[in-house]
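The values are calculated or read from the model by the stated rules, or taken from the named source; none is laboratory data. Quick caveat, the model's predicted, so the values are computed rather than measured. All Cβ positions, glycine included, derive from the backbone under ideal geometry; neighbour counts span all protein chains shown.
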Amino acid sequence: MAGRILIVEDNETNALLFSDVLTARGYAVDVAPDGERAFALLERERRYDLILLDIHLPGLDGLSVARAIRSTPEFDDVPIVGLSALVTEREIQEAYAAGFDDYLTKPVEIKTLVEAVERYVRRGRKAASAGGAGDVHSSGDGAANGT
């Protein structure tokens, strides 16, 4: 198996698309529609190689979820890649300050998503971040939209 990924995305269409694409590439994928369910999965499964985290979620937003994940030592080495349709310099800085390792803008091109996933799952958080990650990947002709 290629790796285990947690997708935290409230847009059902995006979640299904991301899950289908990554599952077809051999990844084990769990999906949570909000932060509370993401924490339940993290508690139950205990090990993910990557978390794809929407910034704008119902209830706890993605920034709060990322801060909570980063405050838990056993999850500190798990890369977090943010997803959002809204991209301002302030939001980008807040995402990195909250503990995100990378940030993809919606609509997300599938190729861009897969490249980011492969980079982080293959190399891990520290190595991928040192290797040029942390760039905002703006996507134009993407397949996944929304907030």
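For the structure I just gave you, tell me whether Ala38 is within 24 Å of Arg123 (Cβ to Cβ), modelled with pLDDT of 95 or more and surrounded by fewer than 17 Cβ atoms within 10 Å (Cβ to Cβ). Don't jump to the end; show me each part of the working.
On the way: within 24 Å of Arg123 (Cβ to Cβ): yes; modelled with pLDDT of 95 or more: yes; surrounded by fewer than 17 Cβ atoms within 10 Å (Cβ to Cβ): no.
No: the conditions fail for Ala38.
Among the residues of region 88-125, which ones are over 15 Å from Asp76 (Cα atoms), of a type in the set (Gly, Ala, Ser) and touching a residue at least 40 places away in the same chain (Cβ under 8 Å)?
Scanning region 88-125 gives a single hit, Ala95.
Determine which single condition Val114 fails, assuming it passes every other condition in (1) of a type outside the set (D, E, K, R); (2) over 12 Å from the mean Cα position of the chain (by Cα); (3) more than 14 Å from Leu53 (Cα to Cα).
For Val114, the failing item is (2).
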